[in-house]
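Novice: Quick one: the structure is below, questions incoming.
The values are calculated or read from the model by the stated rules, or taken from the named source; none is laboratory data. Quick caveat: nothing in here was measured; it's all calculated off a predicted structure. Cβ placement follows ideal geometry from the backbone for every residue including glycine, while neighbour counts extend to all protein chains displayed.
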Amino acid sequence: MSPVPRGALIVVEGLDRAGKSTQCEKLCRWLEQEGRRVKHMRFPNRSTPIGKSIDSYLRGETQQEDHVIHLLFSANRWEAAPQIIEHIRSGTTVVIDRYYYSGAVYSAAKKNPNLTLEWAIQPEIGLPKPDLCIFLDISSTDAAARSGFGGERYETSEMQKRVRNLFQELLQKPQNKEMVAVNAGDSMEEVHETMRRLGNKLFEGEGLSKPLKSFDY
Ligand code: NYM
Ligand code: MG
């Protein structure tokens, strides 16, 4: 009996208002129509005890030292890692809205001199590494044309600008070859079509015949 082919790990990243939630939803529906089993996850997962403290921090109800909240975001991924690995092993494709890329760039964008991108990426080493990370890239002009920010921490144009630059920095790094930028200023359908094309390329390629990797930096 041949073993079940593993699922793919697909991450969708981007600034607030880039359209991640909508695109993840559409990607999952398409994968299901293609006959694949799919699990849709998102980080932060606000439902766990760690996620609840992240949630109250983001809403501005509590304060956290920058390194502490950074490590809580990371812990929120680590607590889900066994589930992710198990889904992939059993043949389910996992689509995640934000992952360690957001983890690194949002913290590094705070300009805390002791919290560089290099430092921020360290606690993520060893997490399941995505086969594909789609970075929904939106210019500040396009972003400004979309509806206003919500009331959460980090939702200021100054912060988002720094976040975008840091995402670009991650895209350039040779260890992040799975990252692909997609113009999120295109229409919802155009973006979805590009993402389907990237999905097809992933499923037709050799990558998924190899075991899921761990993130190394
Ligand atoms: N965020 C998200 C981080 O600062 N670090 C992380 O590790 C993750 C996963 O949380 N502004 C930030 C980015 C967002 C905020 O995410 C909430 P969302 O997807 O808007 O609920
Ligand atoms: Mg948001």
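Novice: Taking the criterion of being touching a Cys at 6+ places or on another chain (Cβ under 8 Å) and at pLDDT 95 or above, would at least one residue in the stretch 104-124 satisfy it?
Specialist: No, the stretch 104-124 contains no residue that is touching a Cys at 6+ places or on another chain (Cβ under 8 Å) and at pLDDT 95 or above.
Novice: Look at PRO123 and say whether it is away from ligand 2 (no atom under 13 Å from the Cβ) and assigned to a loop (DSSP other than H, G, I, E, B).
Specialist: no
Novice: Can you name every residue in the stretch 154-193 that is within 16 Å of ligand 2 (Cβ to nearest atom) and of a type in the set (A, V, I, L, M)?
Specialist: If the condition is that a residue be within 16 Å of ligand 2 (Cβ to nearest atom) and of a type in the set (A, V, I, L, M), then MET159, VAL163, ALA184 are the ones that fit.
Novice: While we're on this one: What number of residues in the stretch 42-84 are closer than 19 Å to GLY7 by Cβ and more than 16 Å from ligand 2 (Cβ to nearest atom)?
Specialist: 6
Novice: Moving on to the next point. Under 8 Å between Cβ atoms, at least 6 apart or on separate chains: pull out the pairs that start in the stretch 11-38 with a residue that is crowded, with 23+ Cβ neighbours inside 10 Å and end on any residue that is part of a loop (DSSP other than H, G, I, E, B) and β-branched (Val, Ile, Thr).
Specialist: Close Cβ pairs satisfying both conditions: GLY14/ILE138; LEU15/ILE138; ALA18/ILE138.
Novice: Restricting the stretch 45-78 to residues that are among the β-branched types (Val, Ile, Thr) and not in a helix (DSSP H, G or I), which is surrounded by the fewest Cβ atoms within 10 Å (Cβ to Cβ)?
Specialist: It comes out as THR62.
Novice: If only one of LYS161, LYS111, LYS213 is away from ligand 1 (no atom under 16 Å from the Cβ) and basic (Lys, Arg), which one is it?
Specialist: LYS213
Novice: Sticking with this structure for a sec: Restricting the stretch 19-43 to residues that are touching a Lys or Arg at 6+ places or on another chain (Cβ under 8 Å) and not in a helix (DSSP H, G or I), which is farthest from ILE54 (Cα to Cα)?
Specialist: By that ranking, first place goes to ARG42.
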